[in-house]
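The values are calculated or read from the model by the stated rules, or taken from the named source; none is laboratory data. Model, not experiment: these values are computed from the prediction. Cβ coordinates were reconstructed from backbone atoms using ideal geometry, including for glycine residues, and neighbour counts include every protein chain displayed.
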Amino acid sequence: MNIGISTVLYTPFIHRHINPDLFHALEKIAGYGYTHIEYNDQSVPHPFSLDNGEAVRILKVIKELNLHIHSIHVPCTQLPDADIGSINSGKRRSALEVVRRTLDVCSALDCPNAILHPGGALEKLIEQETLYRVKDAYLSSLQELCEYVKNRKTKIILENGGNPLNSIAALIETISCVNSDSLGICIDTGHAYGTGNDPALLIEQAGKLLKHLHVHDNNGTNDDHLVPGDGTINWPVVMRSLAKISYQGIFMLECAAARSTIEPDKIAKDAINVSKKLILDYYWGKK
């Protein structure tokens, strides 16, 4: 299993002093032995606003560093006025435009996976009528997006979270309803654990629909994005669940912090070393 890491580590996602320059991040990541990256939406240049010249430069640097862009994180649910599940048609169309631009960049950068948070982030899903309306808007958006990528290599990978539209059951139901080969599931271990769920169980429930991982740790409360082992997730059990379903994707770290340091270089180095041992001992091994 190859190990990747998100460029979110080299953005101000947690530590505000960090320079979000993508090219700086790529050099550092390659230097620590990673083979794959996730291009995070907070990196600069932002993936949803690349021009052709920037895309050509990124491809050149990626090739020189022997890296692969395995995934790009779509920012739609983090935008203040855009949500693919919004019941406000203007906000929904704005979100769809951002997603389509990101999908175009995936094609330009030969990236196979666009990681998308399900819709509804801006709505009051506790209200049943609102939930039904949001769900209809969200499913309609996904159908449009799947049609948009129908003849491309890029897949749209839906990430779990803590609302009624991004539970594991909801993700499986959504994929069944949309009925497109362009959809898959990303299990974010930190989101799972931080919302009271067992990441290992979610991995097994996703089964063959699991196409991507966001690997990070926490203590069951805050979404800390810690290096595996710095929180209280049971990593041996998680790794055995990945082996049980024969997960063949990338072990994609989404770490941005650690107990012992705030320096991204140290975090990147520690994270790959910890990940290698977890994979060797509990995915391939007999422990």
Original post:
Counting just the residues of the range 107-162 that are free of Cβ contacts under 8 Å to residues at least 12 places away in the same chain and among the polar types (S, T, N, Q), which one comes out farthest from Gly196 (Cα to Cα)?
Top reply: Asn151
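Keeping to the range 168-202, report how many residues are within 26 Å of Gly229 (Cβ to Cβ) and of a type in the set (S, T, N, Q).
Number of matching residues: 3.
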Subject >> Enumeration of residues in the range 193-225 that are over 23 Å from Ile5 (Cβ atoms), in contact (Cβ under 8 Å) with a residue 40 or more places away in the chain and not charged (D, E, K, R) >> reply: Leu201
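Do any helices (runs of 4 or more DSSP H) lying entirely in the range 131-249 carry at least 1 residues that are at pLDDT 95 or above and under 21 Å from Val274 (Cβ atoms), and which ones are they? Please lay out each step first, then the result.
On the way: elements: 168-178, 189-194, 199-206, 235-244.
Result: 189-194, 199-206, 235-244.
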Subject >> All positions within the range 27-40 that are of a type outside the set (D, E, K, R) and touching a strand residue (DSSP E or B) at 6+ places or on another chain (Cβ under 7 Å) >> reply: Ile29, Tyr34, Thr35, His36, Ile37, Tyr39, Asn40
Original post:
Condition test on Ile267, is it buried (at least 22 other Cβ atoms within 10 Å of the Cβ), farther than 25 Å from Gly184 by Cα and at pLDDT 95 or above?
Top reply: yes
Original post:
Does the range 133-150 include one or more residues that are within 25 Å of Pro45 (Cα to Cα) and crowded, with 20+ Cβ neighbours inside 10 Å?
Top reply: yes
Subject >> Residue list for the range 261-287, restricted to those being small (Gly, Ala, Ser) and outside any helix (DSSP H, G or I) >> reply: Gly285
**OP:** Could you tell me whether the range 181-189 includes any residue that is surrounded by fewer than 17 Cβ atoms within 10 Å (Cβ to Cβ) and of a type outside the set (A, V, I, L, M, F, W, C)?
**Re:** yes
**OP:** Evaluate the following for Val215: is it of a type outside the set (D, E, K, R) and either exposed (fewer than 15 other Cβ atoms within 10 Å of the Cβ) or farther than 23 Å from Ile185 by Cβ (or both)?
**Re:** no
**OP:** Report whether or not Ile245 is over 20 Å from Gly33 (Cβ atoms), of a type outside the set (Lys, Arg), touching a helix residue (DSSP H, G or I) at 6+ places or on another chain (Cβ under 6 Å) and in contact (Cβ under 8 Å) with a residue 24 or more places away in the chain.
**Re:** yes
